[in-house]
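Below you'll find the structure, written out as structure tokens, and then a few comments.
The values are calculated or read from the model by the stated rules, or taken from the named source; none is laboratory data. Note that the coordinates shown come from a computational prediction; the quantities given were computed from them, not determined experimentally. FYI the Cβ positions are ideal-geometry reconstructions off the backbone, even for glycines, and counts take in every protein chain you see. For the accessible areas, the whole protein counts, side chains as well, though only heavy atoms, and no ligand, DNA or RNA atoms are used. Shrake-Rupley method; radii C 1.70, N 1.55, O 1.52, S 1.80 Å.
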Amino acid sequence: MDKSVITRVVTVSGGRFAPGHLGELTQQVPFEMVDAVLEQTCRVQRRVRDLPSRVVVYLLLAGCLFAELGYSQVWRRLTAGLDGLPVPAPTASALTQARRRLGPGPLRELFFLLRGPGPAGARWRGLLVCAIDGTIMSVPDSAANLAVYAKQRGGRNGDSGYPMLRLLALVSCGTRTVIDAVFRPVSCGETTCAPLLLGSLRAGMLLLADRNFAAGFLAAKIAAARAEFLIRVRTGSTAPKLPVLRRLPDGSWLSRFGGVPVRVIDAQVTVTTAAGHTTGGCRLVTTLTDAARYPAGDLAVLYHERWEIETAYLELKSTILGGRVLRARTPDGIEQEIYALLVTYQALRTAIADAAATVPGTDPDRASFAVALNAARDQVILAAGITAGAITDLAGKIGRPVLASLMPDRRLRISPRVVKRAMSRYNAKGKVDRTTYKATTDITILAAPP
């Protein structure tokens with residue numbers, strides 16, 4: 001019988017630092033960067049233990065790749081590809097103590113170093129398109145967490161089952177890389193948290209936001225950062241006052257919002273499917289007041305890109321976490337875990353963008369995040385690609401399966417906004433047609449009101 005012999009060369013750090021890696025993602029979060037933040041936050045170990053600080057940082061990041069596993073099982077995956085090397089076998093208690101010694105500071109500083117839109121962010125008319133929005137995440141129901149993170153009130157059965165936090169992020173559309181993020185107890189609203197992110201805006205950026213961010217003081221802060229915005233506002237009795245100062249030929253009009261000169265666009269959107277058609281209104285305010293350079297219809301179409309941040313949250317909460325509650329049972333542990341999650345997500349998204357850039361014309365939107373996540377897990381288990389080889393491989397072992405599994409261009413489809421869970425704000429009443437239909441849209445710009 002013929003046999004094949006496969007020999008691999010694994011390059012890792014020496015001695016007790018060997019388990020400290022993230023497979024090929026280590027190239028996105030290199031040893032030198034981790035050592036720098038440990039030095040900056042004064043978390044370098046005084047003596048080399050079985051679990052040096054650098055190793056613990058990579059353990060936390062690997063824990064996000066294997067969110068369904070306990071840290072002891074994560075450790076086994078970090079060391080699975082290190083056959084022949086003397087690696088420690090720490091107890092669960094030792095891993096807990098090591099994470100506690102490290103604290104949240106190094107992971108926070110690591111995220112600050114890695115955050116940003118990247119060079120391949122989506123641009124529209126020369127502007128970097130980004131979106132802001134918030135989401136809610138559940139934390140373990142411990143006394144320490146309850147002292148900081150309250151349970152959300154409301155619903156037919158009282159409070160939520162777990163304490164909750166609100167995560168707010170500023171995301172670059174296209175690559176879905178995180179420009180900045182902040183989290184607070186769920187009692188802090190989105191408009192309360194948003195000013196903490198607006199300092200990351202720069203001239204040449206275009207911010208997309210939904211109706212929850214349609215506040216005059218936020219518009220003023222965005223304009224003060226010299227960024228542009230395209231925000232949907234409410235209509236009806238709760239609509240902000242937007243007086244008609246000047247009518248423009250395309251039906252939009254000039255007004256003021258929060259003291260900022262803006263242009264108001266009233267769009268009527270008709271969605272047609274095989275089952276019929278529906279029509280709804282959408283009012284947008286923007287600082288892009290030049291109607292010739294920025295047509296109203298094009299801005300109405302561009303606003304749909306705001307859903308990029310919803311997809312980013314889906315990848316964080318569903319693809320990575322699998323809908324699970326976070327692990328940590330203390331507020332410091334929660335902060336550590338959130339920043340580790342953001343760092344891991346950013347590293348994956350950067351690897352995807354780098355791979356897409358190797359094939360000109362490839363839209364990062366077509367890359368499967370799940371494929372990238374599973375490829376990254378494989379590289380951790382194999383301890384492969386930790387350092388770059390002599391020949392530069394821009395796509396890498398993570399990027400190649402992503403490029404081989406590109407999804408088709410996104411089709412315009414609609415589906416009713418209902419879910420199958422018993423407790424949901426979108427509970428279905430009566431029989432609902434859950435069929436997903438192919439759709440076409442028609443956008444009509446309405447004239448300014450008299």
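Comparing V148, V56, V402 in a Gaussian network model of the chain, where Cα atoms under 10 Å apart are tied by springs, the biggest mean-square fluctuation is seen for V148. Counting lysine pairs in the chain whose alpha carbons fall under 28 angstrom apart, excluding pairs fewer than 8 residues apart on the same chain, gives 13.
Rounded to the nearest percent, how much of the accessible area of segment 161-225 (1.4 Å probe, protein heavy atoms only) is carbon and sulfur?
Working: 1040 of 1980 Å².
Of the solvent-accessible surface of segment 161-225, carbon and sulfur hold 53 percent.
Using +1 at the C-beta of Lys and Arg and -1 at the C-beta of Asp and Glu, which of A131, M1, V48 has the Cα lying farthest in the positive direction of the dipole of the chain? Toward the positive end, the furthest listed residue is A131. Suppose a student asked you for the relative contact order of the chain, using Cα pairs under 8 Å spaced at least 6 residues apart; what percent would you report? Across the chain, relative contact order equals 20 percent. Measuring nothing but how far apart in sequence close Cα pairs (under 8 Å, 6+ apart) lie, relative to its length, segment 115-258 scores a relative contact order of 21 percent. Ranked from largest to smallest solvent-accessible area, with a 1.4 Å probe on the protein heavy atoms, F17, F183, F111 come out as F17, F183, F111.
Pull out a ≥ b ≥ c, the square roots of the eigenvalues of the alpha-carbon gyration tensor of segment 270-326, then state rounded if a/c is under 1.5, prolate if not and a/b is larger than b/c, and oblate in the remaining case. Verdict is oblate for segment 270-326.
Just by accessible area at a 1.4 angstrom probe, what is the order of T191, T175 from largest to smallest?
On the way: T191 45, T175 5 Å².
Correct descending sequence by accessible area is T191, T175.
Accessible area of H304 (1.4 Å probe, protein heavy atoms only, ligands and nucleic acids ignored): about 110 Å². Across segment 44-188, the relative contact order, built from alpha-carbon pairs under 8 Å that are at least six residues apart, equals 20 percent. The trypsin sites (Lys or Arg not before Pro) found in segment 1-72 that occupy coil by DSSP, while having at most 11 further C-beta atoms within 10 Å, are K3, R8, R46, R47.
Under a 1.4 angstrom probe, counting protein chains only, how are V371, V343 ranked by accessible area, largest first?
Numbers: V371 40, V343 0 Å².
Of V371, V343, the descending order of accessible area is V371, V343.
Counting pairwise Cα distances across segment 95-237, what percent come out greater than 24 angstrom? Value for segment 95-237 (Cα pairs over 24 Å): 43 percent.
Counting only whole DSSP H helices of the chain, the ones at least 30 Å long by C-alpha along their axis and with mean Kyte-Doolittle hydropathy no lower than -1.0 are 331-357.
Pair-distance distribution of segment 326-372: all C-alpha pairs, bin width 5 Å, starting at 0; shares per bin in whole percent are 5, 20, 21, 15, 12, 10, 9, 5, 2, 0.
Considering only Cα atoms, the convex hull volume of segment 286-387 works out to 174 Å³ per residue.
Residues with beta-carbon under 13 Å from that of G118, excluding G118: net charge, scoring Lys, Arg +1 and Asp, Glu -1? The partial results should precede the final answer.
Numbers: positive: R115, R123, R176, R349; negative: D354.
Around G118, the charge tally is +3.
Please sort by residue number the GluC sites (Glu not before Pro) in segment 9-84 whose DSSP state is loop and whose Cβ has at most 13 other Cβ atoms within 10 Å. Display every interim value, and only then the final one.
Working: sites: E24, E32, E39, E68; in loops: E68.
Filter output for segment 9-84: E68.
Rounded to the nearest 10 square angstrom, M33 shows an accessible area of 50 square angstrom against a 1.4 Å probe. Note on the chain: GNM, Cα springs under 10 Å; of P119, P401, P140, the largest mean-square fluctuation is that of P119.
On a per residue basis, the chain carries 49 Å² of accessible surface, using protein heavy atoms and a 1.4 Å probe. Entry for segment 153-240 at q = 0.17, 0.19, 0.25 Å⁻¹: log10 I(q)/I(0) = -0.81, -0.95, -1.29, Debye formula applied to identical alpha-carbon scatterers, no solvent contribution. A viscosity of 1.306 mPa s and a temperature of 10 °C, combined with the Kirkwood radius over C-alpha pairs in the Stokes-Einstein formula, give the chain a diffusion coefficient of 66 µm²/s.
The charge dipole of the chain, taken about its Cα centre with unit charges on the Cβ of Lys, Arg, Asp and Glu (plus for the first two, minus for the last two), comes to roughly 1160 debye.
Enumerate by residue number the trypsin sites (Lys or Arg not before Pro) in segment 281-366 meeting two conditions: DSSP loop (anything except H, G, I, E, B), and at most 14 other Cβ atoms within 10 Å of the site's Cβ. If you can, show how the numbers build up before the last one.
Numbers: sites: R283, R293, R306, K317, R324, R327, R329, R349, R366; in loops: R293, R324, R327, R329.
Those that pass, being in a loop and sparsely packed, are R293, R324.
Comparing mean-square fluctuations of A144, A18, A209 from a GNM of the chain with C-alpha springs under 10 Å, the top value falls on A144. For segment 35-94, the fraction of alpha-carbon pairs lying more than 15 Å apart is 54 percent, rounded to a whole number.
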